[in-house]
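See below for the structure under consideration.
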């Protein structure tokens, strides 16, 4: 569910009109719904009721401090992948002892920071990393809590760029070697074996891959608990969201129809619960996109409509530097005008493109959309995950602003970059 809909002919987020936000803060502009994020978190939490669990938000999906604060207040922990993300958690009022630290390339500085702050566990991706964390912990006179990330060689049936559970992916340690690596880890004096972790990929739209991974890993987790007394099993994230048909007006049954195209939290919990019940380990989950993806939109303004014999281009002030998913891996985002089109309004195939000097700077190609004109504003839906966090200053474009809407209240939670911000920290020699 999300809280974006047309009201009186205008697209709104909860009780706030998006046109008014675009006029006040300019575009490109990210807008997030606090109610949607809360409801998603609570829905997943309820689905897992009766299982000892902790939801650790995968903050690589959206790391705005206001979003982290909102989730922290709901009781979330955090799945982090850098020292900077840990810094953000602490700035947002979160605690390191609710964080799991993942990623294949942790640096000494990052490991030292996490140990000093008391991170709950490092999710270790290789034998070399295991030995390095042991060395760093020893130099600090501490013991570092670790869990090994297991690669179960499961095909998540998702885009190759976001698949992480196959044997040819860079993540984790093969399931065929994992018990031997735990045996090596148990001999390292500056480590504490705290758990086991896996994550097979993102935007997964059926339960089968999750079940297949757990069927392989539950016996491993049981063995590790018996041998080393581990306390948790992190089963990762990856539940997909609706990107197609992500908005409709006046159709009360829309969510039932749209949900048929993906699994809901209840379906996911029903599939994994029988495998986890009675395991006697705390279950950690690392959802990202599924909590915030449909909770955000990117607003843009149409600059020009360029008509050629071959195509019609709708040129907007947002570009691939603001939202790279379509250019990076052909990610789909529904595009709708902020002003609700009249019934029977003209439509036609257009390319929606940005101002960046790359042919790959597009949001949609040959998309059937209502007729648009210069000055009109549009929303790119389902942009709450992997939107702003992947934005850049390419073409020396300023990063957009971000707004969080909570009921009738809309707060600017990140200012748009200034021109001076673009060169801050740079120096000309001499």
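The values are calculated or read from the model by the stated rules, or taken from the named source; none is laboratory data. Everything numeric in this text was worked out from a predicted model, so none of it was measured. Reconstructed Cβ throughout: ideal geometry from the backbone, glycine too, with neighbour counts over all protein chains shown.
Restricted to helices (runs of 4 or more DSSP H) entirely inside the range 258-350, those with at least 3 residues that are modelled with pLDDT of 95 or more and closer than 25 Å to residue 102 by Cα are 265-276, 289-292. For the range 1-58, a residue qualifies if it is under 24 Å from residue 397 (Cβ atoms) and touching a residue at least 60 places away in the same chain (Cβ under 8 Å), and the qualifying residues are 18, 19, 21, 22, 25, 26, 27, 28, 29, 30, 31, 32. Against the criterion of being within 25 Å of the chain's Cα centre (by Cα) and either farther than 30 Å from residue 71 by Cα or surrounded by fewer than 24 Cβ atoms within 10 Å (Cβ to Cβ) (or both), residue 387 does not qualify. When the range 349-379 is filtered for residues that are in contact with a strand residue (DSSP E or B) (Cβ under 7 Å, 6 or more places away or on another chain), surrounded by fewer than 12 Cβ atoms within 10 Å (Cβ to Cβ) and at negative phi, the ones remaining, listed by number, are 368, 373, 374.
What strands (runs of 3 or more DSSP E) lie completely within the range 71-153 and have 3 or more residues being closer than 21 Å to residue 188 by Cα?
Those strands (runs of 3 or more DSSP E) span 121-124, 144-151.
Checking each residue in the range 11-34 for being in contact with a helix residue (DSSP H, G or I) (Cβ under 8 Å, 6 or more places away or on another chain) and at pLDDT below 95 picks out only 14. Kindly indicate whether residue 281 is in contact with a strand residue (DSSP E or B) (Cβ under 8 Å, 6 or more places away or on another chain), in contact (Cβ under 8 Å) with a residue 60 or more places away in the chain and either farther than 19 Å from residue 61 by Cβ or outside the structural domain of residue 52 (by TED's automatic domain parsing) (or both). For residue 281, the condition - in contact with a strand residue (DSSP E or B) (Cβ under 8 Å, 6 or more places away or on another chain), in contact (Cβ under 8 Å) with a residue 60 or more places away in the chain and either farther than 19 Å from residue 61 by Cβ or outside the structural domain of residue 52 (by TED's automatic domain parsing) (or both) - is met. Taken as a whole, the condition of being in contact with a helix residue (DSSP H, G or I) (Cβ under 7 Å, 6 or more places away or on another chain), buried (at least 17 other Cβ atoms within 10 Å of the Cβ) and at pLDDT 95 or above does not apply to residue 154.
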